[in-house]
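Engineer: Take this structure first; my questions come after.
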Amino acid sequence: MMSEVLAVQVESAAKSAGLVVVSTESGEKYSGGATAKFTLALAADPKKTELLELSEGFEFGRADLKEGVKAYLAESAKRLKNPRPDCYVTLHGLPLSFDHFGWPFHESTSGADTSLVHGEVRLEDGGEAILHAKIAASMTVTFRDVVPAPEQPFAEGFIYNAVRKTMDQGQLELVKSGNRQPVPLTTRYYSARQQKFIFNDTNEQQRKDFLASKLYWLSGVLGAGEPVWLLDPRDAQYLDTTLDELRAAAGTLMAEGLLRLAPDTEYGSSTARLTERSEAYQEQLAHTLQAIKPAFNEEMRGGLTNM
């Protein structure tokens with residue numbers, strides 16, 4: 001049976017963030033043990049939902065964990081206003097959806113001293129989402145020390161960013177079917193001196209291009225022109241930037257006629273001028289997809305090398 005206390009605590013925290021719990025159910029951890037699954041929806045738009053999964057024995061009463069969950073839910077409420085809250089773009093122009101993550105982390109069964117979480121990402125280019133990658137994100141012992149808890153609210157953001165980074169590096173392949181692919185989470189993604197996660201070093205032009213790509217795919221192609229959240233802290237972490245710098249990039253796009261701000265100026269939609277760049281974005285997508293395909297040594301395949 002799901003903990004009644006945990007259910008009440010999550011419901012209260014969700015309500016404070018402008019969310020409602022529309023359903024609850026018990027789940028099972030990958031390595032055994034129970035979880036509690038909560039389907040959360042925007043109070044103002046119940047059609048927009050997301051799944052929150054916590055260990056059944058999650059210590060919600062701990063002050064640091066409680067504050068972390070509250071911050072996560074506050075972000076979720078803003079992200080759920082997106083037409084596709086499950087979708088993100090990469091620096092190299094790949095629109096991806098994230099789904100089927102099994103929380104929390106579980107210990108490796110192969111004897112390695114790592115914690116794992118499994119999930120799936122799919123290419124979302126407006127057509128049928130066939131190309132995908134099943135991933136296994138692995139967290140080292142050292143990395144675990146900087147995470148308050150191996151649970152969804154504390155790890156989802158940096159895992160999604162690690163997947164985006166690994167995809168940018170050509171170390172994940174999008175396929176029609178295949179085995180799980182590794183996404184290693186190491187301290188190279190974390191600055192102990194600055195006490196923050198770092199995935200990319202970007203400049204002003206890259207941030208503007210990223211935000212334009214996000215608008216094109218998530219608003220123009222996938223969102224039927226609906227506004228998307230421009231100041232997502234996950235994007236700021238992924239780009240190693242600040243929300244103020246993202247706001248400045250949005251201002252530049254608006255001045256160029258590529259962005260239409262919503263009444264809530266944290267959100268914006270693509271314009272016809274941005275949509276006119278469709279050919280360039282499709283070419284970038286095709287180039288990136290080609291770049292992440294495994295390359296074969298043609299001379300070796302032809303038997304022209306000594307082995």
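The values are calculated or read from the model by the stated rules, or taken from the named source; none is laboratory data. Bear in mind that the values here come from a model prediction, so they are computed numbers and not experimental data. Neighbour counts run over all protein chains shown; Cβ positions are idealised from the backbone, glycine included.
Engineer: Any chance the stretch 153-169 includes a residue that's touching a residue at least 24 places away in the same chain (Cβ under 8 Å) and surrounded by fewer than 18 Cβ atoms within 10 Å (Cβ to Cβ)?
Structural biologist: Checked against the condition, which is being touching a residue at least 24 places away in the same chain (Cβ under 8 Å) and surrounded by fewer than 18 Cβ atoms within 10 Å (Cβ to Cβ), the stretch 153-169 yields no hits at all.
Engineer: Within the stretch 237-273, track down each residue that is surrounded by fewer than 19 Cβ atoms within 10 Å (Cβ to Cβ) and among the small types (Gly, Ala, Ser).
Structural biologist: Passing the criteria: Ala248, Gly251, Ala255, Gly257, Ala262, Ala272.
Engineer: Tally the residues that are more than 17 Å from the chain's Cα centre (by Cα) and not in a loop (DSSP other than H, G, I, E, B), restricting the search to the stretch 144-184.
Structural biologist: So the answer is 2.
Engineer: Taking into account only those residues within the stretch 257-307 that are under 28 Å from the mean Cα position of the chain (by Cα) and of a type in the set (Asp, Glu), which is modelled with the lowest pLDDT?
Structural biologist: In this case the residue turns out to be Asp264.
Engineer: Tell me, which strands (runs of 3 or more DSSP E) wholly within the stretch 1-114 include 2 or more residues that are on the phi > 0 side of the Ramachandran plot, out of contact with any Ser or Thr (no Cβ under 8 Å at 6 or more places or on another chain) and among the acidic types (Asp, Glu)?
Structural biologist: Passing ranges: none, list empty.
Engineer: Another one. Every residue in the stretch 216-240 that is of a type outside the set (Asp, Glu), touching a helix residue (DSSP H, G or I) at 6+ places or on another chain (Cβ under 9 Å) and within 22 Å of Thr166 (Cα to Cα), please.
Structural biologist: Trp217, Pro233, Arg234, Ala236, Gln237, Tyr238, Leu239
Engineer: Further question: If Ser55 meets every condition in (1) closer than 21 Å to Pro148 by Cα; (2) assigned by TED's automatic domain parsing to the domain that holds Ile159 apart from one, which number is that one?
Structural biologist: Condition not satisfied by Ser55: (2).
Engineer: Would you check if there is a residue in the stretch 133-143 being surrounded by 23 or more Cβ atoms within 10 Å (Cβ to Cβ), part of a helix (DSSP H, G or I) and among the small types (Gly, Ala, Ser)?
Structural biologist: No, the stretch 133-143 contains no residue that is surrounded by 23 or more Cβ atoms within 10 Å (Cβ to Cβ), part of a helix (DSSP H, G or I) and among the small types (Gly, Ala, Ser).
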